[in-house]
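Working notes, beginning with the structure itself.
The values are calculated or read from the model by the stated rules, or taken from the named source; none is laboratory data. Quick caveat: nothing in here was measured; it's all calculated off a predicted structure. When we count neighbours, we look across all protein chains shown, and the Cβ atoms used for this are built from the backbone with ideal geometry, even at glycine. All accessible areas refer to the heavy atoms of the entire protein, side chains included, with ligands and DNA or RNA removed. Shrake-Rupley method; radii C 1.70, N 1.55, O 1.52, S 1.80 Å.
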Amino acid sequence: MSAAAARRRKQLAAKAALASQGGKGTDPISDQLQSLLSSPTPLDESTAYEALQLAQSQVRKCVKSGEYEKATVTFGYEVCQSLLQKHSKASVASQLLALLGQVLTETHTVCTPEWLERIRTLDQVYLEAVVKVVSETEKQRLYRLHRKFLKTVLMWSDVLGDTVLGSCEIHELVAKHSWFLSQQQQQQQNQDQQVQQGGGGSGNALQNQRQEELVSNKTGAAEDDDYSPIALQSESVTHFALAEKPMEILDRLASLPDPTAQETKLNHVCPPARRESLLTRSILVMVTMENLRDAHVLLKAYIEKVEKRDLEELKKSYMSKTDKKKSPNHVVFLSMLLSIVQKDKKTGPLYTWLLKGFSNAELAKMYKPDILKGYTTKIGRVYFDIQPPPSMMATLENMMSMMGGGGGMGGMPPINPAMMQAMMQGGGGGGF
């Protein structure tokens, strides 16, 4: 008899025993699940998979019977925690996590501080369990599945929590995991490059990195399908900005290399320096969300601790009409932007002028420029009452979906364009 047939036989026997009791007393399936999980030694794969099947069936049964707390806490969270913390079965637990993420929304479970703590615990024990996996390929698969799980619960916290665009705590978890994945991908690219060039590939590292960014922009791959370092790093700083963690962004920017002459020369064809483009993306997100406090904190700290060039020289180069040897500098642009958005709406023409000079030179060459255009359009609407053209509505809708965690497992339903227009007409404080 195969293992699957044996498991099925046990399940049928348990159901028959329950039926003979008239549905009263303890549930044999729950007892069997508890018996498996309480094993003093780590479960083997087949036994862990049997526990998974029992837990999945119990989750669905409790959802149908309206026992939502048992579905989410007892058979979702607690079983996941046991599979991960006690038995180190990340592959098996990932399937139950996916179901838990769906059921939280399906049962309209409110995003409470207790649940946020549970999500943090699951994040920690899952990553600890993945480290113990031997196969590097399997590790990468499990890390990517965890990214999808985190985005799923981020969407849940947006819909059933009290924070616009999702919980700050979960945004931070997504941000940290995305940056970790970007480091993994970068290391893999470096290793592949060294193998291809016999260990002497470092000279073309910058060229390959720029090619990667250009390809990512041209292909237009879905956010969840793009695992290039620049895609993951852009996602990371965006979620750190939404989590209101400017110093976390600074720490990661400080680890990136200085801009090169190739990246800062006038009319450069390559994308801007990775460090500067991520700084600009972060601050644009903060300004879009009307979080000028964190935008100022990040820019000031960046100038003091990371930027090594002379700021006066950068300003002169930016404003000069004759001595144009350098492309518009990101720090100067951001400084002027933060100054302008604090002024009266009558300074809208100044914002338009500032943006016109910087967009084609830098923003258009950064990763996913259409999303950046959505940010600048929203900034113009909120701070200067500059109405976006109808063609920008789809971009703004897409931007809203991604910032709130859309694109994860299952995704969010599309936003009605009329609703988006009404939201933009409101334009008040506190985000979209």
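Assign one of three labels to the stretch 18-155, namely rounded, prolate or oblate, based on the Cα gyration tensor with a ≥ b ≥ c the square roots of its eigenvalues; rounded applies when a/c is under 1.5, prolate when it is not and a/b is larger than b/c, and oblate otherwise.
Working: a/c = 2.17, a/b = 1.25, b/c = 1.73.
Oblate is the answer for the stretch 18-155, as a/c is 1.5 or above yet b/c matches or exceeds a/b.
Share of the stretch 234-366's accessible area from carbon and sulfur, percent, 1.4 Å? Before the final figure, lay out the partial values.
Working: 3330 of 6090 Å².
Roughly 55 percent, rounded to a whole number.
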Scan the stretch 287-368 for chymotrypsin sites (Phe, Trp or Tyr not before Pro) in coil per DSSP, keeping those whose Cβ has at most 11 other Cβ atoms within 10 Å, and list them by number. none
Suppose a student asked you for the relative contact order of the stretch 79-161, using Cα pairs under 8 Å spaced at least 6 residues apart; what percent would you report? 45
Computed for the stretch 327-390: size of charge dipole around the Cα centre, +1 on C-beta of each Lys and Arg, -1 on C-beta of each Asp and Glu, debye to nearest 20, value 80
Residues other than L363 with Cβ under 12 Å of its Cβ, Lys/Arg counted +1 and Asp/Glu -1, net out at +2
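For A90, what charge total do you get from the other residues with a beta carbon under 11 Å from its beta carbon, if Lys and Arg give +1 and Asp and Glu give -1? Don't jump to the answer; show the numbers that get you there.
Details: positive: K89, K132, K139, R141; negative: E128, E138.
Combined, the nearby Lys, Arg, Asp and Glu give +2.
Apply the a/c threshold of 1.5 to the C-alpha gyration tensor of the stretch 335-394 and tell me whether it is rounded, prolate or oblate. Please list the in-between numbers first.
On the way: a/c = 2.13, a/b = 1.26, b/c = 1.69.
Oblate, since a/c reaches 1.5 and b/c is not below a/b.
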A student applying the Cα gyration tensor rule (rounded when a/c is under 1.5; otherwise prolate if a/b is larger than b/c, oblate if not) would label the stretch 229-377 rounded
Quick check: pseudo-label points 7 Å beyond the Cα along Cα→Cβ at A5 and S339, how many nm apart are they? 8.0
Rounded to a whole number, what % of the accessible area of the stretch 45-87 do carbon and sulfur atoms account for, probe 1.4 Å? 47
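Test of understanding: what is the full-extension gain from K321 to E138, defined as 0.36 nm times their sequence separation minus their Cα-Cα distance?
Working: separation 183, 0.36 × 183 = 65.88 nm, distance 5.52 nm.
Extra length available between K321 and E138 comes to 60.4 nm.
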So for the pair L350, Q387, with labels modelled 7 Å out along Cα→Cβ, what separation do we get in nm? 2.5
Skipping prolines and chain starts, which residues have an amide H placed within reach, meaning under 5 Å, of the one on K265, given they are 5 or more residues away or on another chain? S327
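Just in the stretch 337-391: which trypsin sites (Lys or Arg not before Pro) are loop by DSSP and have at most 16 other Cβ atoms within 10 Å? All intermediate terms of the calculation are to be shown ahead of the outcome.
Working: sites: K343, K345, K346, K356, K365, K373, K378, R381; in loops: K343.
Sparse-neighbourhood loop trypsin sites (Lys or Arg not before Pro): K343.
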Residues of type aspartates and glutamates that K315 reaches as a straight line, Cα spacing below 19 Å, ignoring anything fewer than 8 places off in the same chain: D258, E263, E276, E304, E307, D323, E362
